[in-house]
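Here is the structure we will look at.
Laboratory data are not the source of any read-out in this text; all were calculated from the coordinates shown. This structure is a prediction, so every number in the text was calculated from the model and none was measured. Ideal geometry is used to build each Cβ from the backbone, glycine not excepted, and the neighbour counts take in all protein chains shown.
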Amino acid sequence: MSQPQIDWNSVQTVAAAFRIAAPRAPVGGRLGDRLGAGTGSSLEFQDYREYVPGDDLRHVDWSAYARSETLTVRLYREEVAPRIDLVLDISHSMAVTEEKLQAYRELSCLISCVAGWAEADARIITTAAAEPEPLRRPEDIERFLVCNKQKCALEESHLPFRRRSLRIVVSDFLFPHEPDAMVTTLARDGASLAMIQFTLAEEAQPPAAGGLRLMDVEDHGELDLILDEQAVEDYRARFNRLRLGLSRAARRTGATFVHITSGTPLHEVGRALVAARILEYS
Amino acid sequence: VIFTVPLGLLTLLAIPAIIVIHLFRRRFPPRRVAGLFLWRSVRVVPESGGKRTKLPVTRSLILECIGALALSLIISGARMRPDGINEHLVILLDDSISMTAANARGESARDRAVKRALTETSKLRANSRVSLVESGDRPGLLLGPAALAIEAPEALKKWNPQAPHHSYALGLRLARELAGSTGRVMVLSDAPPELPGRQEVEGVLWVAVGEAMPNVAITAAQRTVSPDEGMAAISLTLENFSNTTAHRTLRVMTGSTEVLSRQIDVPSGPVSLNLPLTTGLPAVQVELSHDALKLDDGAVLVEPHSRIVGIENRLPDGRGHEALAKAVSAVSGVTQAQNADLIFEAAGEIQKSGSPSQWHVGFGRPPSEILAPGEAKDFVGPFIPEKRHALLDGVTLAGVVWAGASPLAVGKVHPLVSAGDQPLIAEFGDNAEKHFFFNLDLNRTNLIRAPDWPILISNLVEMRRNELPGPERWNYRVGEWIHIQLPQEPKGKLHFRCAGLDHDLPSSRSLEFVAPAPGGLLQVMEGDRTLFELGVNLLDRQEGDLRSAVTRDIGAFNAQATGVRTETGAALDPLFWFLLIIGAAAILANWCFPEARRHA
């Protein structure tokens with residue numbers, strides 16, 4: 001399958017409207033221009049607390065002291081450049097059709113652009129077997145999106161995550177898995193997890209197409225089926241159970257989850273990610 | 001590559017069958033999907049049926065075809081060894097006793113035949129085959145069929161010719177059958193082939209290894225006894241098969257005791273001798289001083305004990321009574337007795353004694369249980385005899401007027417002679433007793449004046465004699481049938497011993513077996529108890545004549561013999577194991593690693 005070209009101008013145009021949403025949980029990272037969840041030295045007021053020796057006297061609220069004779073200091077949000085671990089599924093299933101591969105590449109590039117503009121410390125993880133690659137420029141992501149692996153990185157154990165990182169996982173999750181266990185593993189070490197399930201529209205809502213020999217692109221299994229209404233109904237039920245399983249597991253661990261299908265315009269994708277609190281408007 | 005079971009190649013039809021199955025296997029248009037496991041529980045469509053599509057050359061098809069091909073070749077007996085065609089030499093060994101005749105150096109024709117056979121087998125290539133056939137009235141295999149040539153020397157060591165004179169025809173036929181069109185036939189004998197007008201046997205190498213030698217043989221021997229005179233005698237016929245008079249010592253022994261010794265001159269040709277002997281001696285051994293053929297220089301003779309048949313004539317006085325008495329008087333070995341073995345009486349007086357030792361012969365009006373309503377009739381023929389019955393052996397009934405035949409109840413008797421549907425002579429009774437019935441008025445018939453009358457009476461007597469306990473005769477030639485009637489049912493194991501041979505006999509009152517070669521004193525035993533001692537002797541004039549023996553090769557092997565196809569067995573052929581491994585691997589691979597898992 002030939003690699004479709006990325007229209008970087010379109011992607012960058014859409015990406016300009018978004019930025020990485022501040023994670024609910026504090027994330028680590030060097031000082032930057034993104035408000036962190038912790039206390040720092042930005043101009044954005046966060047809270048008050050009683051003065052303790054060693055606090056910066058410049059942050060003492062003297063007005064409050066005048067009113068209450070209690071030394072109180074102002075707390076401001078920290079500004080960080082978050083650590084982003086972007087996990088990409090580059091297995092065959094993401095390239096089951098050219099349409100899916102193209103849409104997946106555009107989605108990945110969108111996230112890459114948004115992460116790059118945040119001057120985040122972003123790395124790309126495609127397998128547990130290799131060291132993560134730093135994402136220095138948004139365009140760097142293009143060389144990872146070959147989608148020729150037999151297995152998804154999420155099926156491997158001990159992915160090289162950093163502690164307290166913002167982990168963005170993009171996959172179709174179309175492999176046998178236990179949602180709770182997988183999501184718990186992905187969200188450990190104080191990380192903030194965002195899961196984006198990306199599938200073809202017909203993978204979520206397959207049409208009744210008559211007799212077909214279904215061939216799995218990864219394990220090469222085959223199944224002769226007549227895709228009638230009943231068969232499609234059975235499949236939809238199983239697919240929805242898989243999606244709901246991921247969603248519930250995400251809620252339990254404080255992660256975010258969103259399902260995006262191919263064919264969705266890129267700006268609509270951005271909106272969906274905003275709605276899922278993975279991105280926010282800049 | 002050769003195929004030991006070419007019909008097994010029919011199993012190759014499995015390959016087109018597999019291709020057809022793959023060709024017509026149902027196939028849906030393929031679609032690549034991710035997450036096939038989500039479709040797993042969906043109803044699976046049966047795979048049979050479907051329309052013909054382009055044959056996909058799949059791994060499964062290839063493995064199945066390889067497996068079928070390997071199994072087909074195994075079933076058809078594919079062998080890689082190109083030396084599966086081997087020479088096959090069939091040797092017919094003359095098993096007649098003249099092969100043991102030894103020359104002055106002590107070398108016999110048998111020794112020379114063994115040497116020649118070993119010479120011929122040593123010329124054969126490795127893995128060649130040899131069949132050794134012993135000639136005789138019942139030819140047998142000494143080695144083979146188609147045994148390895150290296151086994152021949154051991155088998156030839158066991159060869160000991162002992163058979164009386166016989167034709168080579170049966171042995172030659174067996175040898176030809178074994179050789180077929182693939183083998184060569186060789187005959188080893190001491191004489192040339194006995195073919196009128198021809199010298200050679202077609203396609204057979206006849207090797208005569210004999211040596212013409214003078215020989216004196218006992219060609220006939222008899223031991224007689226006259227109880228009335230208290231005398232016994234041995235009658236011998238000696239034959240000198242040479243042109244000069246031979247001097248011999250003749251000895252008669254009982255065990256280690258010499259009874260008689262005599263120096264005799266035997267002129268060329270046959271000579272008869274009569275040697276007196278006292279009665280009551282056990283088996284005697286007659287010996288001539290040895291010459292070329294030792295086995296015809298001796299004879300064992302047992303004193304005969306004739307079986308006397310007791311006869312009782314109960315017929316009423318008249319023509320019939322007198323005619324019977326006259327006929328009986330002409331038969332030897334009979335005696336008049338009360339409650340005898342054979343009782344002649346009026347048919348109406350036949351009583352069932354229940355004793356199998358008594359036979360009743362009835363004449364005249366039949367007993368009431370077999371009599372049917374109707375008038376008696378006379379018949380002049382034609383008479384329909386049951387020719388195979390011993391009673392009617394030699395009986396013609398020509399010119400006989402059968403008078404006073406009463407009608408008999410159907411199914412009550414077994415007719416032996418009939419006129420139309422009227423039984424004239426019949427047999428009735430059960431196994432416990434035997435009755436013969438002559439449906440005849442002796443006072444009116446002319447049967448008693450016909451030549452058939454004494455024959456009928458003699459046959460009756462001999463039939464009865466044969467049922468009496470004891471052997472039919474006491475001295476036999478090798479190869480003759482010996483008939484013995486035991487006095488009662490045997491309780492132990494029956495067997496006979498003769499010249500070191502011990503042979504089991506069927507457990508029966510009536511024994512029949514062939515007098516074994518090379519002869520000697522034959523003891524019929526029940527367990528360890530000796531029942532009878534019989535003399536078995538060679539007495540073979542033709543084997544004793546060694547003058548026609550020659551040393552010569554006659555004829556030639558069949559040049560068209562192609563060699564017999566042999567195999568050493570699948571386990572020794574590398575191709576078998578190769579095919580087995582390939583076939584098993586293909587089947588296992590197809591089973592364990594299917595090309596497409598039907599369920600993700």
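Below are the figures for this structure:
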read-out	value
Highest-fluctuation residue, A:ALA209, A:ALA249, A:ALA129 considered, GNM on chain A with Cα pairs under 10 Å	A:ALA209
Computed E for A:ALA130/B:VAL5 - FRET, C-beta separation, R0 56 angstrom, nearest 0.05	0.40
Simple spin-label estimate for B:ARG125 and A:TRP8 in nanometres, 7 Å along Cα-Cβ	8.2 nm
FRET efficiency for B:VAL380 and B:HIS305, using Cβ-Cβ distance with R0 set to 60 Å, rounded to 0.05	0.85
Full-stretch length increase - B:ASP421, B:ARG449 - with 0.36 nm per residue and alpha-carbon distance subtracted	7.5 nm
D (Stokes-Einstein, µm²/s), Kirkwood Cα radius, chain B, 0.890 mPa s at 25 °C	77 µm²/s
Computed Kirkwood radius, in angstrom, where 1/r is averaged over Cα pairs of the protein assembly as shown	40.6 Å
Full-extension gain in nm, B:VAL410 to B:ASP265, via 0.36 nm per residue minus C-alpha separation	45.3 nm
Label-point separation in nm, B:ASP528 to B:ALA372, each point 7 Å along Cα→Cβ	6.0 nm
Expected 222 nm ellipticity per residue - DSSP helices of 4 or more, -39500 (n - 2.57), all of the protein assembly as shown, to 500	-6500 deg cm²/dmol
Pairwise FRET efficiency - B:ASP504 versus B:ILE62, Cβ, R0 = 51 Å, nearest 0.05	0.20
Shielding by partners, peptide A:223-233 (average Cβ within 10 angstrom, other chains)	5
Likely footprinting exposure, A:ILE90, B:ILE150, fewest C-beta neighbours within 10 Å first	B:ILE150, A:ILE90
Simple spin-label estimate for A:SER63 and A:GLU99 in nanometres, 7 Å along Cα-Cβ	5.9 nm
Percent antiparallel among DSSP beta bridges (both partners in the protein assembly as shown, rounded to 5)	65 percent
For region B:173-242 and region A:174-220, distance of Cα centres in Å	101 Å
Karplus (6.51, -1.76, 1.60) ³J(HN,Hα), θ = phi - 60°, over region B:418-428, in Hz, Gly and Pro reported as x	10, 10, x, 9, 9, x, 10, 10, 9, 10, 8
Region B:333-474: antiparallel DSSP beta bridges as a percent of all, rounded to 5	60 percent
Cα convex hull volume per residue for region A:41-200 (Å³)	153 Å³
